[in-house]
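Just so it is clear, none of the values below were taken in a lab; they were calculated from the coordinates. If you're wondering where the values come from, they're calculated on a predicted model, not measured in any experiment. As a convention, Cβ positions derive from the backbone with ideal geometry for all residues, glycine included, and neighbour counts pool all protein chains shown.
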Amino acid sequence: MKEISEIASTLDEGVESRLDGVRGTRAIPRIIHQTYFSKDLPPPLRANVETLCALNPGWEHRLYDDADIERFIADEYGPAILRRYLAISPGYGAARADLFRYLLIYRLGGVYLDVKSGANQPFDAVLGPEDAFIVAQWRDSVDKPDTLFHPELRGVPGGEFQQWHVIAAPGHPFLRAVIEEVLNLIDSYNPYRVGVGRHVLRVTGPIPYTLAIAPLLAHHPHRRVRDESEIGLRYSVLDGQAHEGHFKGHYSRRRTPIVGRERGAIANAPLFAFLAARSLVRRALKQFGRG
C-alpha cells in the first residue's frame, strides 16, 4: 500500500488541479489521439490516419511521437511520473504506449486509437452527449463466457476490456484507478515473478486495465458495448505480416526485462535460464494433467 499511497499523492499534487472545471462534465472532447515513434508514418498507416480524419471532419487529430510523449508527461504529470514511464525498457514501446494512453486520456479526454486501428463510422454517429467512458470486450469472450484470455480475469464476465481504444471524458475515475495500478506494477516489477515479453499484458496492458476498472463499474458513469463493432471500430487495418514491418519488433518476442535499463545477454543469462526452466516445468505439468 505504501507505493500506491505515494503514487496517489504524486497524482494529487500534479495533474488533479489541472482537471478543475472539466472533471464530471461527462463530455468526450472531439479529439482523436494516436501515437507512433516518429511523425514519419509508413504509407498504410498514413492512409489510415487520413481516412480517419476524413470520416470525422469536425474532430481534431493529434499524432504524438516519442518526444511529444515525454514532453506531455513532464508538463502535465511531473518528473516522478515521467521517471516511471522512462523506467519501462525502450524495447517495450507497446508498454510505454499503454501507460501514455491512460495518462493522456485521463488528462485531456477524447478518443485514443492505436495507429493501426481504424473506424468505419463517424464518432459523432456512435458517441452520444451522455457518454463518459466506453467499455468494450472481445466478441469471442462475450459469446463464450468460459473462454477467457487470462486466468487473472476469471472473475470478470467476458474477460478483458479492450484498451487499444480508450474513449473517455477527462478525469474519469476508471482511468485514475488504472494509472495507479500500472504505476504500482512498474514500481514493484520483478522479471522472475512477472516474466518478460508477452507479460507486458500483466504490467501495463489489458490485465491491470481490466482489474482496475471492473470493481468500479457500478460506481461511475460509462456505456458498455458488446464489442468494437458496436462503436464502428476495427482492430487493425493491416494484415499480420504488414504489422510486423511497421513497428519496432513485437514485444512478445523479447526476452529482456520489461522494466529497468537494457542489459546484455551475459547479464540476463540467469534470467533466461530461469524462464526456460519454468517453461519446461509448466509444459511437463500440462502433459501430466492430460495423461
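Run through the range 119-225 and list the chymotrypsin sites (Phe, Trp or Tyr not before Pro) located in a DSSP loop whose Cβ has at most 11 other Cβ atoms within 10 Å.
Numbers: sites: PHE123, PHE133, TRP138, PHE149, PHE161, TRP164, PHE174, TYR189, TYR192, TYR209; in loops: TRP138, PHE149, TRP164, TYR189.
Sparse-neighbourhood loop chymotrypsin sites (Phe, Trp or Tyr not before Pro): none present.
Modelled this way, with points 7 Å down the Cα-to-C-beta line, the labels at ASP75 and ASP187 are 2.7 nm from one another.
Compute the length gained on full extension between ALA54 and ASP40: take 0.36 nm times their separation in residues and subtract their Cα-Cα distance, giving the result in nm to one decimal. Don't skip to the end; give the middle numbers.
Working: separation 14, 0.36 × 14 = 5.04 nm, distance 1.93 nm.
Extra length available between ALA54 and ASP40 comes to 3.1 nm.
Using the Cβ of GLY78 as centre and a radius below 14 Å, the other residues enclosed give a net charge of -2, where K and R count +1 and D and E count -1. Within the range 108-232, antiparallel bridges make up roughly 65 percent of the DSSP beta bridges whose residues both belong there. Per-residue Cβ neighbour counts within 10 Å put THR51, THR10, THR204 in the sequence THR51, THR10, THR204, beginning with the fewest.
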